[in-house]
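None of the figures in this text is laboratory data; all of them are computed from the coordinates on show. All values reported here derive from a predicted model rather than from experimental measurement. Here the Cβ positions follow ideal geometry from the backbone for every residue, glycine too, while neighbour counts run over all protein chains shown.
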Amino acid sequence: MAKSTKHIVPHESGWAVKSEGRALKKQDVYKTKDAAIAAARQLAKGTGGALVVHGKDGRIRDRTDYDALQEVTDSNKEYMKRHGKALRELAKR
């Protein structure tokens, strides 16, 4: 998946998740800001993109960059902490 930036912006029906370079769709609109942030965060983490939260005035309030590869690397490190010794023993055989 390509990296993309997700913007949380005010919308007449609540809050919208706007992807750069893509038209806004009905399913991109949420009743609450928290719901929109949760949906956008999941998408941004999955693609290694960014999450930009705007206020009601449209100004940027927060920005978080996600690196999808870093999350995989961290998961691999945790796996190796738990299973590394057994894997090394198997490799010796």
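Roughly what would the spin-label model give for L43 and S4, points 7 Å off Cα along C-beta, in nm? Reported label-point gap for L43 and S4 is 0.6 nm.
Remark: the D62-A35 segment gains 8.1 nm on full extension, using 0.36 nm per residue and subtracting the alpha carbon distance. Sorting D57, D62, D28 from the fewest to the most surrounding beta carbons within 10 angstrom yields D57, D62, D28. Using a cut-off of 21 Å between Cα atoms, the listed pairs K18/K45; K3/K31; K6/K31; K6/K33 include K3/K31 as exceeding that distance.
With no solvent and one point per C-alpha, what does the Debye sum give as log10 I(q)/I(0) for region 5-67 at q = 0.18, 0.27, 0.30 Å⁻¹? Values, matching the q order: -0.54, -1.20, -1.41.
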